[in-house]
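What follows is calculated from the coordinates using simple rules that are stated; it is not laboratory data. Keep in mind that this is a model prediction, so the values were computed, not measured. Virtual Cβ from ideal backbone geometry, glycine too; neighbours counted across all protein chains shown.
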Amino acid sequence: MWNQWRATGKKETWFLPLALVCTVVFEISVVWKYPTLRDPLSIAIGILTLLALICLLFVQKLNAPGKRGISIIAIMAGVLALVAAPTAWA
């Protein structure tokens, strides 16, 4: 998925952001069933994912040759958002 995202001008470019959004929607739907953790986790997951998506889409449209570093940071923020709920439950 990473290699497809790095390719420019293809439909497969959108698989990584779409997978991130779908996974976060599912995770928020699971978190929403627990009232004590609902608000802080949903907000944290939503904000981190939104920042990661904005960075990913901005870097993709930028088409800069050195976009790999910013992209890795954005993906790490997305993964951090996905790991927030399991970390809170642990």
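If you take all other residues with their beta carbon under 11 Å from the beta carbon of Leu18, and give Lys and Arg +1 and Asp and Glu -1, the sum is 0. Distances between every pair of Cα atoms in segment 28-90, grouped in 5 Å steps from 0 to the bin holding the largest one, split as 4, 19, 25, 18, 13, 10, 7, 4, 1 percent.
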